[in-house]
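Every number in this text was worked out from the coordinates using simple rules, so none of it is lab data. Predicted model only: the values in this text are computed from it and were never measured. Because the Cβ atoms are built from the backbone with ideal geometry, glycine has one as well, and the counts that use them run over all protein chains shown.
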Amino acid sequence: MYSDLSLAHFMDGLKKRNPGELEFHQAVYEVAESVMPFILDNPVYQHAAILQRMTEPDRSIIFKVIWEDDAGNLRLNRGYRVQFNNSIGPYKGGLRFHPSVNLSILKFLGFEQTFKNSLTTLPMGAAKGGADFNPKGKSDREVMRFCQSFMTELSHHIGPDTDIPAGDIGVGAREISFMFGQYKRLRHEFTGVLTGKALEFGGSLIRTEATGYGAAFFMEEMLAHRGDSIRGKTCVLSGSGNVALYCAEKIIQLGGKVVTFSDSTGFIYDEQGINAEKLDYLIKLKTFQRGRISEYADKYQCDFFVDEKPWGVRCDLAFPCATQNEIDKQDAHTLVSNGCMAVVEGANMPTTIEAIKVLQHAKLLFAPGKAANAGGVALSGLEMTQNSVRMSWSAEDLEARLANIMKDIHQQCVKYNEDGDYINYVNGANIAGFIKVANAMLAYGV
Ligand code: NDP
């Protein structure tokens, strides 16, 4: 099957099988480019067609979701669950509610999840799901009715030992609670079928903070490897959601200076630095009042740049934490020429392939999301463990576990680095993530 395992040949086949799915092509290309030489050196993977099998989801479920808005109108959305690979554990990955959601985006996310979950060292397979539903501007009741309808179908396909969804863009504590309530009602059972739950009904401490904290820990590890640290560094962040807010919290605790946040309307630049008190205001604004980032600029009298991205702000460290493809080639050149030394992806695939090449060519430290934002799913794995043994662990214990997991992921990346003194974290993460899943697939036979 792999008589010609050139990258171009492989990608040609993938594009023919998945026409028009650009984000999925991009995510696969990034991995294939790293692992292809490794596979050629280890023909056992080539003979078993592991890469081809790994790029085909086990199944993609697509379903209609009908719900009623507050005015009594019937509304229609499309729901998805892409169960990608359960070789090393039950399917696990978030749900995204955003108007841009389509099969290509969920396949890219599900595919990346395979490697991310493998890197955490915990027994979790990979999935992703969601809907083209926009929670923005909807009342709580409308969100509730949507979530209940969505879960009515999804409940047929998930379970605590089968597939355990979590949150992602547009799916936070409110949405998880509505979905968990509906699952419990329908199945007449109380099980850890979703992660990211509230503490009162099986949630874990630190889960909310875990992705952002983990990304900051990963940056600290990369810098420590060079004898440096976050302390005193100016940091530029995009996004102002779950990942960005808690990434900033940990950066501030580690002595870094955060100067930007963004949302889909633009970015704020607070030259004085965003301290713990300002961050607390922002967390309340974005999480509970669902406000816009410009309100921060009004309150603290700083600059707000409409419809712009923050990558032109001079910085030492950059953390893209909003969405896919938010740093393009030009942005990467700007970061390099402004003296940025490291980029950590808090979001999934926020950097285009061309931009990654620019950053790597300039020898910036670059951490791909599948390594750097794995802290979220790692904590989800720990939430599953706590649910199974019906216990809850302390915040200190969980944060220490999270820090250790991020350290371990960093070490795995370094181990498979093949670029001399410069650590190519993309190759490291892809190869380390690949080996564990590939070996399990080999062991099972065909
Ligand atoms: P949230 O919904 O909490 O926040 C997303 C943030 O990004 C918001 O500020 C949002 O602005 C902004 N944003 C979203 N889409 C766009 C867009 N198209 N253009 C500009 N800004 C945009 O999501 P999360 O923080 O949970 O997720 C952020 C990223 O991190 C995603 O890539 C996600 O897949 C990834 N991730 C999340 C994990 C988690 O545990 N939550 C785990 C691992 C990865 P606005 O409010 O205006 O839409």
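For this structure, a couple of remarks:
- A quarter of the convex hull surface defined by the alpha-carbon atoms of the stretch 37-106 gives 6.6 nm² as the mean projection.
- A Cα-only calculation for the stretch 208-372 places Rg and Dmax at 14.3, 42 Å.
- Highest to lowest packing among 291-302, 309-320, 369-380, scored as the average C-beta count within 10 Å: 369-380, 309-320, 291-302
- Looking at the stretch 241-292, the pairs of alpha carbons with a distance over 16 Å make up 35% of the total.
- In a DSSP loop and with at most 15 other Cβ atoms within 10 Å, the chymotrypsin sites (Phe, Trp or Tyr not before Pro) in the stretch 130-218 are Phe190.
- Here the relative contact order of the chain, from alpha carbon pairs under 8 Å that lie six or more residues apart, stands at 15 percent.
- The stretch 127-211 - convex hull of alpha carbons, volume per residue in Å³: 103
- For a straight C-alpha distance cut-off of 12 angstrom, the aspartates and glutamates reachable from Lys64 (same-chain residues fewer than eight places away being disregarded) are Asp132, Glu153.
- Ignoring lysines fewer than eight residues from Lys15 along the same chain, the ones with Cα atoms less than 16 angstrom from its Cα are Lys107.
- Normalised by 2.2 N^0.38 Å, where N is the number of residues, the C-alpha radius of gyration of the chain stands at 0.94.
- Kirkwood Rh (inverse of mean 1/r, distinct Cα pairs), the stretch 286-402, angstrom: 16.6
- Percent of Cα pairs exceeding the 17 Å cut-off, where the set is the stretch 2-54: 29
- Counting DSSP beta bridges with both ends in the stretch 208-372, the antiparallel % (nearest 5): 40
- Alpha-carbon centroid distance for the pair the stretch 237-270 / the stretch 60-127, whole angstrom: 26
- For the chain, the mean residue ellipticity at 222 nm estimated from helices alone is -15000 deg cm²/dmol, where every DSSP H run of n ≥ 4 contributes -39500 (n - 2.57) and the total is divided by all residues, rounded to the nearest 500.
- Taking packing as the residue-averaged number of other Cβ atoms within 10 angstrom, the listed peptides 136-143, 125-132, 357-364, 267-274 run from highest to lowest as 125-132, 267-274, 357-364, 136-143.
- When the square roots of the Cα gyration tensor eigenvalues are ordered a ≥ b ≥ c, the ratio a/c for the stretch 59-189 is 1.5 or more and a/b exceeds b/c, which makes its shape prolate.
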